[in-house]
Amino acid sequence: MQSKKLKIYNTLSRKKEFFEPISPPHVGMYVCGPTVYGDAHLGHARAAVTFDGVYRYLSFLGYKVRYVRNITDVGHLEADADDGEDKIAKKAKLEQLEPMEVAQQYASSYHRDMELLNTIRPSIEPRATGHIPEQIKLVEKILEGGLAYEVNGSVYFDVLKYNETKKYGRLSGRVVEELMSGSRELDGQSEKRNPLDFALWKKASPEHLMKWDSPWSLGFPGWHLECTAMSSKYLGNQFDIHGGGMDLMFPHHECEIAQGNACHQADPARYWLHNNMITINGQKMGKSLGNFITLQQLFSGEHDKLEQAYSPMTVRYFILTAHYRSTLDFSNQALQAAQKGYKKLINGHRIAKLLTYQEDPEVSPDENQVKQIEKSIADAFSSMDDDFNTAQAIGHLFNLLKKINSLYTGQLHPAQLGKKVFEALIKTFDSFITDILGLLEEKGDHQEDLLKVILELYGKAKTAREYHQVDEIRRALKSAGLIIKDMKDKVDWAYEE
Ligand code: ZN
């Protein structure tokens with residue numbers, strides 16, 4: 001296992017640390033998944049591809065990863081606040097659907113899009129609504145420990161009391177005193193003792209659609225609670241990696257840390273990883289800015305901001321060309337460059353699979369070439385070991401691609417490299433494309449286009465009375481299970497019956 005070399009940037013300690021799992025070779029990884037009330041967009045794609053990459057590389061190194069990613073189907077209120085409408089229930093009302101219909105519809109479309117991006121499905125994908133009893137138990141535990149209070153059927157986490165013994169804000173680098181002075185005064189209506197307190201359980205208003213019985217009221221859990229309930233249930237009270245988008249760091253993950261400490265006297269995870277955001281032509285993506293692009297729009301090209309359609313693998317490759325902690329700016333130009341880069345690598349991958357080693361006593365080994373290849377291989381892996389730096393690793397892959405292309409054109413002879421280095425070159429390239437970066441060859445639907453060209457050639461040959469060629473084309477198609485249909489004024493093809 002190459003594990004001892006892997007360094008991960010831990011948001012909690014603000015530094016890169018050598019990765020040491022709690023009980024190797026097992027690794028527990030929890031990633032905050034989507035709130036399913038709308039189509040998946042570039043932001044979803046970046047988080048999913050980032051943690052798919054982490055999962056893939058850890059698996060490549062030999063770890064046995066239990067990867068849990070939740071689906072939020074209740075309790076996520078508008079503006080990520082403690083008051084307001086539930087995002088899913090709001091959509092359900094608008095579309096006159098059951099909230100569970102909305103959740104199912106968008107969970108399905110999320111899975112479809114993530115599959116197109118070739119992300120591996122998590123080991124466990126729990127839903128918030130499937131874990132209400134677990135969440136109620138946690139609220140009881142926090143109340144027992146004196147770190148929460150009940151008001152009119154709702155229960156809130158007491159941040160100031162928690163902050164007396166544990167520091168609230170360690171993850172995002174916020175200090176309670178500063179947060180206090182920056183927050184709005186509570187108006188007389190608020191049930192909270194303090195503006196920083198957050199809901200663990202909310203009493204539902206009569207018109208609220210999704211509600212459950214609890215010791216305090218007919219209500220629903222606070223958004224942050226589900227992740228504590230599901231991560232501890234499936235990964236234990238402390239596990240290795242917690243991931244999510246940077247926008248979840250505060251307050252969501254900060255609250256998870258507080259809840260974890262209140263319930264289990266431990267930080268829920270040892271390593272906290274956050275992927276950075278996507279910008280569109282330098283701007284934040286937002287519905288009000290008219291630059292909100294869903295993945296389906298990206299794949300079809302149907303959006304004002306898009307000059308063309310971009311395939312799922314182009315999008316995946318585009319995301320991997322930046323380090324996950326850097327911002328990634330979307331533009332047509334950047335995606336067109338990504339499309340080229342992706343195709344170059346995939347062409348190289350096709351060639352690499354065709355190359356075979358040949359001995360040749362006439363050819364002497366080229367030490368220089370060997371050194372260059374060995375260095376690029378080592379550099380590609382050390383980039384991944386350096387906090388999953390796919391951007392740098394791809395750069396080194398392009399150096400290897402040059403060698404593969406030279407072998408293909410004959411400028412470089414396999415015997416110049418020797419069997420060991422030749423095989424290492426092919427194996428490394430294949431491992432990166434297939435296992436680590438997860439890039440698939442998109443064959444596309446070229447068949448119709450190719451048949452059109454063949455039928456045109458057939459028609460020309462017929463007109464010119466070149467019967468030898470006419471027969472040859474017929475035979476070639478027949479061997480592919482197709483027949484040519486000659487009609488009065490046109491030619492077409494059909495499957496041979
Ligand atoms: Zn979460």
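The values are calculated or read from the model by the stated rules, or taken from the named source; none is laboratory data. These figures come from a predicted structure and were not determined experimentally. All Cβ positions, even for glycine, are placed from backbone atoms using ideal geometry, and neighbour counts span all protein chains on display. What goes into the accessible areas is simple: the full protein's heavy atoms, side chains included, and nothing from ligands, DNA or RNA. Shrake-Rupley method; radii C 1.70, N 1.55, O 1.52, S 1.80 Å.
Note on the range 188-207: residues that are surrounded by fewer than 21 Cβ atoms within 10 Å (Cβ to Cβ) and either hydroxyl-bearing (Ser, Thr, Tyr) or touching a Gly at 6+ places or on another chain (Cβ under 8 Å) (or both) total 4. Among the residues of the range 383-397, the one identified as farther than 14 Å from Leu320 by Cα and either hydroxyl-bearing (Ser, Thr, Tyr) or open to solvent by 30 Å² or more (accessible area, probe 1.4 Å) (or both) is Asp386. Total residues in the range 337-369 satisfying the condition of being of a type in the set (A, V, I, L, M, F, W, C) and farther than 16 Å from Lys420 by Cα: the figure is 6.
I need the full set of residues from the range 161-172 which are outside any helix (DSSP H, G or I) and open to solvent by less than 50 Å² (accessible area, probe 1.4 Å), in order please. Answer for the range 161-172, where residues must be outside any helix (DSSP H, G or I) and open to solvent by less than 50 Å² (accessible area, probe 1.4 Å): Tyr168, Gly169, Leu171, Ser172. Consider the range 274-295 and keep the residues that are in contact with a helix residue (DSSP H, G or I) (Cβ under 7 Å, 6 or more places away or on another chain) and more than 16 Å from the ligand (Cβ to nearest atom). The one that is nearest to His111 (Cα to Cα) is Leu295.
So, in the range 312-332, of the ones that are in contact (Cβ under 8 Å) with a residue 40 or more places away in the chain and within 18 Å of Phe292 (Cβ to Cβ), which residue ends up surrounded by the fewest Cβ atoms within 10 Å (Cβ to Cβ)? Once the filter is applied, the top-ranked residue is Thr327. I'm trying to understand the selection: among the residues of the range 60-84, which are away from the ligand (no atom under 14 Å from the Cβ) and either charged (D, E, K, R) or without any contact (Cβ under 8 Å) to a residue 40 or more places away in the chain (or both)? Across the range 60-84, the qualifying residues are Lys64, Arg66, Glu78, Ala79, Ala81, Asp82, Asp83, Gly84. The number of residues in the range 218-273 that are hydrophobic (A, V, I, L, M, F, W, C) and more than 14 Å from the ligand (Cβ to nearest atom) comes to 5. Scanning the range 461-487 for residues that are over 21 Å from Glu497 (Cα atoms) and surrounded by fewer than 11 Cβ atoms within 10 Å (Cβ to Cβ) yields Thr463, Ala464, Arg465, Tyr467, His468.
Within the range 40-55, does at least one residue satisfy the condition of being of a type in the set (Gly, Ala, Ser), under 23 Å from the mean Cα position of the chain (by Cα), within 16 Å of the ligand (Cβ to nearest atom) and surrounded by fewer than 23 Cβ atoms within 10 Å (Cβ to Cβ)?
Taking every residue of the range 40-55 in turn, at least one turns out to be of a type in the set (Gly, Ala, Ser), under 23 Å from the mean Cα position of the chain (by Cα), within 16 Å of the ligand (Cβ to nearest atom) and surrounded by fewer than 23 Cβ atoms within 10 Å (Cβ to Cβ).
From the list Asp430, Asp435, the lone residue that is touching a residue at least 60 places away in the same chain (Cβ under 8 Å), more than 15 Å from Lys344 (Cα to Cα), among the charged types (D, E, K, R) and not in a loop (DSSP other than H, G, I, E, B) is Asp435. Evaluation of Leu412 against the conditions (1) modelled with pLDDT of 95 or more; (2) open to solvent by 80 Å² or more (accessible area, probe 1.4 Å) shows that the sole unmet condition is (2). Residues in the range 28-81 that are outside any strand (DSSP E or B), β-branched (Val, Ile, Thr) and in contact with a helix residue (DSSP H, G or I) (Cβ under 6 Å, 6 or more places away or on another chain): Val36, Val49, Val74.
Of the residues making up the range 108-128, just one is open to solvent by 60 Å² or more (accessible area, probe 1.4 Å), within 16 Å of Arg56 (Cα to Cα) and in a helix (DSSP H, G or I), namely Glu115.
Considering (1) out of contact with any Phe, Trp or Tyr (no Cβ under 8 Å at 6 or more places or on another chain); (2) not in a strand (DSSP E or B), the lone condition that His274 does not fulfil carries the number (2). Within the range 24-40, residues that are assigned by TED's automatic domain parsing to the domain that holds Glu78 reach partners that are of a type in the set (Ser, Thr, Tyr) and within 16 Å of the ligand (Cβ to nearest atom) with beta carbons closer than 6 Å, at six or more positions or on different chains, in the pairs Met29/Tyr67; Tyr30/Ser231; Pro34/Tyr110; Thr35/Thr72; Ala40/Tyr110. No other residue among Lys192, Lys202 is away from the ligand (no atom under 16 Å from the Cβ), outside any loop (DSSP other than H, G, I, E, B) and of a type in the set (D, E, K, R) apart from Lys202. Set side by side, the residues Tyr271, Tyr234 differ, and just one is closer than 30 Å to Gly146 by Cα, hydroxyl-bearing (Ser, Thr, Tyr), open to solvent by 30 Å² or more (accessible area, probe 1.4 Å) and in contact (Cβ under 8 Å) with a residue 40 or more places away in the chain, which is Tyr234.
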